[in-house]
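Visitor: Okay, here's the structure, questions in a sec.
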Amino acid sequence: MKIFVFLVLLASTILMVSSTSDFSYFDADRDAKIDVVPHDSEYVSFSCDAGYSAVVTAKKDEVVSFTAVKIGNYVNEMVPIAVYLYPDLSELPAGMDLYIEDFALIDAGEEYTFTGYLYTNGVADGSYIIPIILVASWEGGGAEISLCPIKIVVESPPKIRKTLIEGCKKVKTHKYYEWVFKIDVYNPDGNKTLTVKDVVPGEFEIDDSRTYASTGNYELVKHGKSTHIKWKFDIEENSHEFMIVTIYTRVNSAGHQEFTSCGKYKLNDGAEIKEYNVVSNPIYVKAVCKK
C-alpha cells in the first residue's frame, strides 16, 4: 500500500500567564492535522510500489538498465528544485556494480525519472536491498527524504534440454518412421511460471495420443505444414518438469512418404523458454537415399 503520513502542524498556541507578579504557570495547546496521501501526491513526490522504488531481476553476468525512481516537484513555491540521490551501496556483494543517476534539476510541476544500471559478475543468487536518501533544495527551503529502497534479485535461469528416447538417427527415404523425444526443464531458483515453445517441421506429424506433459497445459497449432508446440506450466524451485512428444514421418501432398530427399533433418527446433530466452539443443536425423 502506497502510504505517506504528511503531518501539518497548525500553530494555534494559547498562552496563559498569571496576572499576579508571580509567574505561576505556562500552558500551551497545539492542534495537529494528519493527512494520509500517496507518495506520488506529496509536495516532493516519489514512486513506490509494494514498498520498493524498483524491483530489478537479473541473471548472473548480465547488464541491466532500469527505472530507479520517479521524482516530482510540487512544492508550493512553484520554483525549480535540485534533487540529489544518495544510494547506500555498502552492502553490495563482490562482483555487483550499480550506478544510479544522482542529480536532476526539476522544474515546478514536472517529474524526472532517474535511471539505474546494474552489472552482475558472478554474483550469488539472492535478494539485495539498496536504501536511498533524497536531498532536495529550492529557493527558501529544502527536504531530506528516505525513499523506498531498490530491491535487486539475482537468480539463475532455468535450464532446458531435449533427449531422443526412441527412434533412429539414421533412416532411409520414402519410409515410415517414428520418434519419441523428451523436453526437460530444470528450475534451480524460485518458483516460476514458464512458457516453452517449439516447432516440429513439415516433414512430420505429432501423434497427440502419445504426447503429454508432466504438468501444466499445452497446445499444438498448425502453421502451414509445421506444428508449433506451446507448453505453459508452474515449476517449483529445484525441480524438473517434462513433456513427451511422439512424431512420425508424414505423407506429403503429392502422396509420397517423407523423407523424399537425402540429407540432414531436424526433428524439431531448439525448444525455448520464452521468459528467459533460453534455448535447448535441436535433434537431428540423417536420411539416406533408399536403394
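Visitor: Could you list, ordered by first residue, the pairs with Cβ atoms under 6 Å in which the first is in the stretch 62-83 and under 26 Å from residue 120 (Cβ atoms) and surrounded by 22 or more Cβ atoms within 10 Å (Cβ to Cβ) and the second is of a type in the set (Ser, Thr, Tyr) and modelled with pLDDT under 95, at least 6 apart or interchain?
Guide: From the stretch 62-83, the pairs are 69/47.
Visitor: Pull out all pairs, ordered by first then second residue, where Cβ-Cβ is under 8 Å, the residues are six or more apart or on different chains, the first lies in the stretch 244-271 and is without any contact (Cβ under 8 Å) to a residue 40 or more places away in the chain and in the same structural domain as residue 283 (by TED's automatic domain parsing), and the second is of a type in the set (Val, Ile, Thr) and not in a loop (DSSP other than H, G, I, E, B).
Guide: Between residues of the stretch 244-271 that are without any contact (Cβ under 8 Å) to a residue 40 or more places away in the chain and in the same structural domain as residue 283 (by TED's automatic domain parsing) and residues that are of a type in the set (Val, Ile, Thr) and not in a loop (DSSP other than H, G, I, E, B), the close pairs are 264/285.
Visitor: Further question on the same structure: Which condition does residue 236 not pass, out of (1) over 17 Å from residue 194 (Cβ atoms); (2) acidic (Asp, Glu); (3) under 38 Å from the mean Cα position of the chain (by Cα), if it passes all the others?
Guide: It is condition (1) that residue 236 fails.
Visitor: Considering each residue of the stretch 106-137, count those that are within 30 Å of residue 189 (Cα to Cα), more than 18 Å from the chain's Cα centre (by Cα), at pLDDT 95 or above and loosely packed, with under 15 Cβ neighbours inside 10 Å, and give that number.
Guide: Selection size over the stretch 106-137: 0.
Visitor: Tell me, which strands (runs of 3 or more DSSP E) wholly within the stretch 195-291 include 1 or more residues that are closer than 23 Å to residue 168 by Cα? Before the answer, list the steps.
Guide: Details: elements: 204-206, 217-223, 226-235, 239-249, 263-268, 283-288.
Answer list for the stretch 195-291: 204-206, 226-235, 239-249, 263-268, 283-288.
Visitor: Note down all Cβ pairs under 6 Å where the first residue falls in the stretch 149-168 and is closer than 30 Å to residue 181 by Cα, the second is at pLDDT below 95 and aromatic (Phe, Trp, Tyr), and they're at least six residues apart or on different chains.
Guide: Filtered contacts from the stretch 149-168: 157/276.
Visitor: While we're on this one: Take the residues of the stretch 84-105 that are in a strand (DSSP E or B) and not aromatic (Phe, Trp, Tyr): which is surrounded by the fewest Cβ atoms within 10 Å (Cβ to Cβ)?
Guide: 105
The values are calculated or read from the model by the stated rules, or taken from the named source; none is laboratory data. Being a predicted model, the structure only gives us computed values, none of them experimental. Note that we place each Cβ from the backbone using ideal geometry, even for glycine, and neighbour counts take in every protein chain shown.
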